[in-house]
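The values are calculated or read from the model by the stated rules, or taken from the named source; none is laboratory data. Bear in mind that the values here come from a model prediction, so they are computed numbers and not experimental data. Here the Cβ positions follow ideal geometry from the backbone for every residue, glycine too, while neighbour counts run over all protein chains shown. Keep in mind that these areas ignore ligands, DNA and RNA; they rest on the heavy atoms of the full protein, side chains included. Shrake-Rupley method; radii C 1.70, N 1.55, O 1.52, S 1.80 Å.
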Amino acid sequence: FQRNIGHHIHKGDFKGKWVTHSMLWTPAGLKFYIDGELIREWWNPNDIKSPNHAMNMFFGAYGMNGVTMEVDYVRCYQWDLRKNNHLPNPGFEYSDKLFPWEGTGQIDNLNARAGKYALKLAPGAYIEQYIYLDHSKNYELDFWTKGEGELTVKAENITQVSGMSEDCTEIKCVPSTQYAVQKMQFAANDEPFDNKKTVKISFKNTGDKEIFLDDTMILPK
C-alpha cells in the first residue's frame, strides 16, 4: 500500500452476507461507505489529492479453510451534472445540507428562485466548493442573487496536491431586491496532457445584510 492516499481495515461481520462498499471521490477528499454508512474519510480541502491519479481496485480473499469471496457487480457513476453545468448541487436541492458545498451558509426553503431551496448568506457567511475542469479553457460562472448585502465571488486555480492558490478571478456585486442573474468569466490554467485542473469556487457576503443565492452554473465558453 505504498503511496496510497489512506489505508483502513474495517473489521465488520461480513461472513455469509452481501454488503455494498462505496466510495465518493471529489476534489476535496474521499469518503468510504459500507451499506450507506460513512466508515472513514480522508477529507481536507487544504491537502487535496490530484485528480490525475489512477484508481486501482483489488479483489481477493485470504484466510484458513478455503475462505472465498463473491463479487456481484462493480459500478462507477459520475457526479450528477446536468445541461453541461460543471457544478454539483448548483441549486442547493440535494437535501437540507450544503454538501458538496462547504462553509457557513444555510439552506433556505422560503426564498428559492426555483425548486425547493436557495442558500442564505448572513453577513460574513460564505460557501465554497472544489471542482475539476478541463485545463486551458475559458468558463463562465452564472448565479442568481437577491438581497441588500455585498457579495464577493472568486474562482481560484489550485495547484494539485499542495492546495495552494495560483491565481484568483474575483468580482464584487450588490444584489437587487428581486432575483437577478450575475456573471463572471474565468480561465482554467494549463495542466499537462489531458489532466484536469482543480478550481475553487467561493461566495462570501462581505456586506452587512443577508443575501440569497440560487441556480449557480459553470459553463464552458
Among 129, 178, 78, the residue with the largest mean-square fluctuation in a Gaussian network model of the chain built from Cα contacts under 10 Å is 78
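When only C-alpha pairs under 8 Å and at least 6 residues apart count, what is the relative contact order of the stretch 108-208, in percent? All intermediate terms of the calculation are to be shown ahead of the outcome.
Details: 224 pairs, mean separation 42.3, N = 101.
Relative contact order comes out at 42 percent.
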Once residue 7 and residue 114 are pulled to full extension, the length gained, defined as 0.36 nm per residue separation minus their Cα-Cα distance, is 34.3 nm
Connecting every pair of Cα atoms under 10 Å apart in the chain and solving the GNM, the largest mean-square fluctuation among 39, 201, 131 falls on 39
Expressed in whole Å with the largest first, what are the equivalent ellipsoid semi-axes of the stretch 52-136 derived from the C-alpha gyration tensor as the square root of 5 times each eigenvalue?
39, 17, 14
Of the cross-linked pairs 11/97; 97/183; 31/154; 120/146; 146/172, which ones have a Cα-Cα span greater than 20 Å in the structure shown?
11/97; 97/183; 31/154
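Taking 22 Å as R0, compute the FRET efficiency from the Cβ-Cβ separation of residue 176 and residue 122 and round it to 0.05. Present the calculation step by step, with values, prior to reporting the outcome.
On the way: r = 18 Å, r/R0 = 0.84.
Efficiency computed from Cβ-Cβ geometry: 0.75.
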Between residue 195 and residue 106, how high is the FRET efficiency from 1/(1 + (r/R0)^6) when r is the Cβ-Cβ distance and R₀ = 35 Å? Nearest 0.05.
0.50
Whole-angstrom gap from the stretch 86-105 to the stretch 156-219, using each part's C-alpha centre
14
Among GluC sites (Glu not before Pro) in the stretch 130-178, those in a DSSP loop whose Cβ has at most 15 other Cβ atoms within 10 Å are 148
Any idea what the relative contact order of the chain is, in percent, if you count C-alpha pairs under 8 Å spaced at least 6 apart?
22
Residue separation between residue 15 and residue 142 times 0.36 nm, minus their alpha-carbon distance, gives in nm 40.7 nm
Compute from the Cα atoms of the chain the Rg and the Dmax, the latter being the longest Cα-Cα distance, and quote both in angstrom.
20.3, 72
List the aspartates and glutamates whose alpha-carbon lies under 17 Å from that of residue 17, not counting same-chain residues fewer than 8 positions away?
35, 37, 70, 72
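Leaving out ligands and nucleic acids, and using a 1.4 Å probe, what accessible area per residue does the chain come to in Å²? Before the final figure, lay out each step's value.
Values: 13850 Å² over 221 residues.
About 63 Å² of surface per residue is accessible.
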